[in-house]
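Structure first, commentary second.
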Amino acid sequence: MKCSIFAPSHITGFFEIIDNQNPLKRGSCGAGVAMDKGVITHLKISDKYSSDNIKNNITINGKKDVRNTTITFKTLELMEREFNISKLLDNQSININHELEVPIGAGFGTSAACALGTALSIAKILELNITYNKATSIAHIAEIEMESGLGDVIAEVNGGITLRIKEGAPGIGLTDKIILKKDLYVICKSLGGIETSEIITDPLHKKRINNTGRNMLNMLLKNPVPELFLKLSHKFAMETELLNNEVSDIINILQEETIGASMAMLGNTAFALSQTPDTSLDNVMISKINSYGCRFL
C-alpha cells in the first residue's frame, strides 16, 4: 500500500505569538505566502514485517537524517497515542520518505509540511475514521510540542497569501486570503537557517515580535493587497531586529526588481513577489504561489 501527499512550503512575513496551555489553541496570527515548491511525503506499508526501529525507516530525500525527521517521529508518536496505529499496522512495516524541494530550517515551513504529510498519509492509508481537520491538527500539535513552528500548518492547509486571523490548529484557527488580481512569482535567495525555537521561546525576541506585529494584521485586512503585505513584512523584519546586513542587501536588490521583498520568518532568507520570474541575483529559487494548500497525489 502506498500514499503520497504534497504540502506547500510557507514563508511568514510577519506574525504575533499567541500563547495558550492548550496546544490546539496556541499559535500565531499574521500573514505569509504558500509556494508551489514544498514537501512530497511518500508513505509505503509493506506486508513483510521488519524488526527495524521506525527511525530507520524514515528518510529525507532517500537518506537517513535523524535531526530533521524528529517532527515525523513526534507526529507518529501522537497518532500512536490517540489511534494505536501499531495495532492497525498488524506487524506490517512502515516507510516514510520526505522529498524536499526547499531548504530545511531556512524559513520555508518544512517541519510543518513533513508533519502534515505524515498525519494525512497515515490517516488515509490506515483508513482512520477522522476528518481532514482532525488529521492536520495533529500536525499542528507536533509543531507546538517540538517548538519548530506556530502557524505554518494552518497556512499550508489553506494556501495562497494567507492571513492568520485567529491562532490555533485547523478547525480552531481562522484564516483568510488575499485575492490575487494576477499571477505572481515568489523569488527566494537563502543564506541559511535560524533556529526557530531559540527565537519564539526567547523573552526579548518574543516581546519585540509581539510589539511589532500586533497591529499589522488589522492594517492588512483593511487593504488586502500583496504590496502592503510585503511593506509590512519588511517593516517587521527591521523593527524586530531579526534582519541581518547580508539578507538586507539582497532585499534591497529584490525591491528594485519586484513589487516588494522582505525576510522569511524565521530564516536567513530573502523573498519577493514579482509579476515575472526575472532577477539579477544568482542561485535563487523561483516558484509560483500555491493557492490550494495540501493535496493527495
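The values are calculated or read from the model by the stated rules, or taken from the named source; none is laboratory data. This is a predicted model, so every value here is computed, not measured. Using ideal geometry, Cβ is built from the backbone for each residue, glycine included, and neighbour counts are taken over all protein chains shown.
Quick look at the values:
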| item | result |
| --- | --- |
| Residue match in the range 81-93 (condition: modelled with pLDDT of 90 or more, in contact with a Ser or Thr (Cβ under 7 Å, 6 or more places away or on another chain), assigned by TED's automatic domain parsing to the domain that holds Ile125 and closer than 30 Å to Thr201 by Cβ) | no |
| Some residue of the range 100-113 being touching a residue at least 24 places away in the same chain (Cβ under 8 Å), assigned to a helix (DSSP H, G or I) and farther than 15 Å from Ser9 by Cα | no |
| Count of residues meeting criterion [over 26 Å from Ser262 (Cα atoms) and assigned to a helix (DSSP H, G or I)] in the range 117-150 | 21 |
| Any hit, the range 73-96, residues being in contact with an Asp or Glu (Cβ under 9 Å, 6 or more places away or on another chain), under 30 Å from Ala237 (Cα atoms) and surrounded by 20 or more Cβ atoms within 10 Å (Cβ to Cβ) | no |
| Total residues in the range 238-248, condition among the aliphatic types (A, V, I, L, M), part of a helix (DSSP H, G or I) and without any contact (Cβ under 8 Å) to a residue 40 or more places away in the chain | 1 |
| Count of the range 79-99 residues which are under 22 Å from Cys294 (Cα atoms) and either under 15 Å from the mean Cα position of the chain (by Cα) or outside any helix (DSSP H, G or I) (or both) | 6 |
| Subset of the range 184-235 [part of a helix (DSSP H, G or I), at pLDDT 95 or above and under 18 Å from Ser9 (Cβ atoms)] | Pro226, Phe229, Leu230, Ser233 |
| Selection status of Leu184, over 29 Å from Thr72 (Cβ atoms) and among the aliphatic types (A, V, I, L, M) | yes |
| Scan of the range 11-34 for residues that are of a type in the set (Gly, Ala, Ser) and more than 23 Å from Ser190 (Cα to Cα), ordered by number | Gly27, Ser28 |
| Options Ser280, Ser262: the member that is among the small types (Gly, Ala, Ser) and out of contact with any strand residue (DSSP E or B) (no Cβ under 7 Å at 6 or more places or on another chain) | Ser280 |
| Residue satisfying all of: in the range 249-271; in a strand (DSSP E or B) and among the hydrophobic types (A, V, I, L, M, F, W, C); surrounded by the most Cβ atoms within 10 Å (Cβ to Cβ) among these | Phe271 |
